[in-house]
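Reviewing the structure listed below.
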Amino acid sequence: MNDLMQTFALIEMSITCSLVLMLGIQKFSQLKFPLAAKFLLLFILTNLFFWRLGMFMELPLAAYVRGVVGDLSIVSTLLLWSTLLPSHKSAPLAFKWSIAIIALCFYPFALGLSMIDPYAWGYGSNIFLLAVLLSAVICALINWTKGTWIIGLAIIAWVIHWHESANLWDYLLDPLLVIWAIFALVSLFLQKRKEKFRSGYLFRPG
């Protein structure tokens, strides 16, 4: 069972690495791949990351990446994988703010800033589970159905013990997700500031 879990984790990381690489290629080359081309490229890259390539590497490329970053949360993974969908839209601003604020409260306390340890709630606190379920309901209320599905699948993955961790937090949050949310918020702030500056310059008297 443990070997099977490791294999699934390696496949998951291989797909994730392939998608990150594909998004990077698209961003810097300004190319837009058709859906069929995306899946073909994803298949090729996933195999490159999953299988041992030999030479000086004893493990697959995905195993080295996993050794550095660990297992990503299910939320991070599904957010990234959803970029393949034709109807993909960016996560709402409220979600990004929620991630940033939760991380700001969670990590300092989890690292021992006080006697409160929110990480311990992830081992089966009913109140914490209800709070997570409530967040899924809120996603539905703000018309972000994808968010509801992502949180719901993260809870299911935790219940069936998809990853090695038995803590619900590890299925919902990870440092890379936090970095993404903060980077998105900072980028939006700088963009708004730039637009405001341009608007002020254009309408400046004289």
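Please work out which residue is most open to solvent (accessible area, probe 1.4 Å), limiting yourself to region 25-62 and to residues that are outside any helix (DSSP H, G or I) and closer than 16 Å to Glu12 by Cβ. Before you say what the answer is, go through the steps one by one.
The first filter runs over region 25-62 and keeps only residues outside any helix (DSSP H, G or I), leaving 30-34, 51-60.
Still in the running and closer than 16 Å to Glu12 by Cβ: 51, 59-60.
Working: Trp51: 142, Leu59: 78, Pro60: 12 Å².
Result: Trp51.
Within region 63-89, the residues that satisfy the criterion of being open to solvent by less than 50 Å² (accessible area, probe 1.4 Å), at negative phi and of a type outside the set (Val, Ile, Thr) are Ala63, Arg66, Leu72, Ser73, Ser76, Leu78, Leu79, Leu80, Ser82, Leu84.
Taking residues in region 32-54 that are modelled with pLDDT under 95, and partners anywhere that are surrounded by fewer than 11 Cβ atoms within 10 Å (Cβ to Cβ), the pairs with Cβ atoms closer than 7 Å and at least 6 places apart or on different chains are Leu35/Pro86.
Show the residue pairs that are 6+ apart or on different chains and have beta-carbon atoms under 8 Å apart, the first residue being within region 10-31 and without any contact (Cβ under 8 Å) to a residue 24 or more places away in the chain, the second being open to solvent by less than 30 Å² (accessible area, probe 1.4 Å). Pairs found: Met22/Leu42; Met22/Leu45. Would you confirm whether any residue within region 90-100 is more than 30 Å from Lys32 (Cα to Cα), open to solvent by 80 Å² or more (accessible area, probe 1.4 Å) and out of contact with any Cys (no Cβ under 6 Å at 6 or more places or on another chain)? Within region 90-100, none of the residues are more than 30 Å from Lys32 (Cα to Cα), open to solvent by 80 Å² or more (accessible area, probe 1.4 Å) and out of contact with any Cys (no Cβ under 6 Å at 6 or more places or on another chain). Going through (1) in contact with a Lys or Arg (Cβ under 9 Å, 6 or more places away or on another chain); (2) closer than 21 Å to Asp174 by Cβ; (3) acidic (Asp, Glu) one by one, Glu58 falls short only on (2).
What about Arg66, is it among the charged types (D, E, K, R) and part of a helix (DSSP H, G or I)?
Criteria met by Arg66.
When residues of region 73-119 are filtered for being over 25 Å from Leu23 (Cβ atoms) and part of a helix (DSSP H, G or I), how many remain? Before you say what the answer is, go through the steps one by one.
Let us first name the residues in region 73-119 that are over 25 Å from Leu23 (Cβ atoms), namely 101, 104-119.
Now drop any that are not part of a helix (DSSP H, G or I), which leaves 101, 104-110, 118-119.
Residues flagged as over 25 Å from Leu23 (Cβ atoms) and part of a helix (DSSP H, G or I) within region 73-119 amount to 10.
The values are calculated or read from the model by the stated rules, or taken from the named source; none is laboratory data. Quick caveat: nothing in here was measured; it's all calculated off a predicted structure. Every residue, glycine as well, gets a Cβ built from its backbone with ideal geometry; the counts of neighbours run over all protein chains shown. Just so you know, the surface numbers come from the protein's heavy atoms only, side chains and all, with ligands and any DNA or RNA stripped out. Shrake-Rupley method; radii C 1.70, N 1.55, O 1.52, S 1.80 Å.
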